[in-house]
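A quick write-up on the structure given underneath.
The values are calculated or read from the model by the stated rules, or taken from the named source; none is laboratory data. None of the values given here were measured: they were computed from a predicted structure. A quick note on method: Cβ atoms are made from the backbone with ideal geometry, for glycine too, and the neighbour counts reach across all protein chains shown.
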């Protein structure tokens with residue numbers, strides 16, 4: 001079952017974008033990529049934290065309510081560059097998943113992230129965010145503590161942050177849960193990661209009242225790195241080794257490090273006023289449609 005669309009997305013020349021690695025090989029369907037992005041052995045934030053960054057000093061708490069373990073952040077160094085690193089923290093087994101709420105942050109997680117971003121601005125440090133979440137936690141207690149407000153405030157504040165911001169999607173980039181730490185000067189995705197306003201299952205349940213249409217929804221949502229690069233939502237794709245990042249931790253860590261260091265050096269050379277103007281232009285250009 002296909003979803004018909006009467007909207008035509010206006011895109012410009014894609015030649016200015018870059019794909020790290022070859023695109024040769026089997027063309028995976030959107031649903032196959034969704035499944036790879038959720039692979040139980042796929043590297044998570046902690047794996048990249050230990051293999052790509054050094055000198056990590058974790059900072060805790062939002063100074064309002066508590067410390068959300070679904071989001072981890074602190075000072076770190078990458079390629080000799082000091083940064084503030086912030087990321088969704090899924091875990092590697094059932095016990096860790098439960099402890100970290102499957103990477104689904106609550107308001108205190110997003111407020112902690114914003115506190116650390118403001119701290120980075122104070123010390124003139126670039127910010128690197130690692131996105132890997134099915135979405136923000138939808139529970140009653142999260143809503144009571146201002147889930148929507150915390151995400152909205154992060155988006156607003158990140159748009160005006162006076163330091164370079166790079167966001168890297170390593171697995172699932174789900175809805176507002178991803179956007180809460182996803183407003184960057186450069187948005188980078190691993191080739192088998194996904195980034196979408198809603199999960200395929202959630203979309204299928206709304207449109208067709210049946211989650212079994214999730215593969216159709218995945219195709220219609222344009223949630224793959226390749227489609228998002230085409231629509232200029234993201235800026236760069238890091239090609240994964242073999243059948244996915246889970247097949248070679250060392251190789252994907254090396255590719256991620258090279259990409260982050262390159263982009264950090266490029267963005268750090270841009271004056272703040274120009275950086276902010278480019279960020280404004282970047283997000284203002286999204287969502288242009290023609291034809292109804």
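Overview of values
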read-out: Close pairs (6 angstrom Cβ cut-off, 6 or more residues apart or separate chains): at positive phi and in contact (Cβ under 8 Å) with a residue 12 or more places away in the chain in the range 242-257, assigned to a helix (DSSP H, G or I) and crowded, with 16+ Cβ neighbours inside 10 Å anywhere; value: 244/36
read-out: Filter result for residue 232 (assigned to a loop (DSSP other than H, G, I, E, B), in contact with a helix residue (DSSP H, G or I) (Cβ under 7 Å, 6 or more places away or on another chain) and in contact (Cβ under 8 Å) with a residue 40 or more places away in the chain); value: no
read-out: Matching option when the condition is touching a strand residue (DSSP E or B) at 6+ places or on another chain (Cβ under 9 Å), assigned to a strand (DSSP E or B) and free of Cβ contacts under 8 Å to residues at least 60 places away in the same chain, among 136, 120, 76; value: 76
read-out: Residues located in the range 236-255, provided they are in a loop (DSSP other than H, G, I, E, B), in contact with a helix residue (DSSP H, G or I) (Cβ under 6 Å, 6 or more places away or on another chain) and closer than 23 Å to residue 54 by Cβ; value: 241
read-out: Some residue of the range 253-263 being within 22 Å of residue 159 (Cα to Cα) and surrounded by fewer than 17 Cβ atoms within 10 Å (Cβ to Cβ); value: yes
read-out: Residues within the range 30-73 that are assigned to a strand (DSSP E or B) and more than 17 Å from the chain's Cα centre (by Cα), tallied; value: 5
read-out: Identity of the residue in the range 159-177, outside any strand (DSSP E or B) and at pLDDT 95 or above, that ends up surrounded by the most Cβ atoms within 10 Å (Cβ to Cβ); value: 164
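A quick yes/no check of all residues on (1) within 14 Å of residue 170 (Cα to Cα); (2) surrounded by 14 or more Cβ atoms within 10 Å (Cβ to Cβ):
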{"site": "240", "(1), (2)": "yes, yes"}
{"site": "246", "(1), (2)": "yes, yes"}
{"site": "278", "(1), (2)": "no, no"}
{"site": "282", "(1), (2)": "no, yes"}
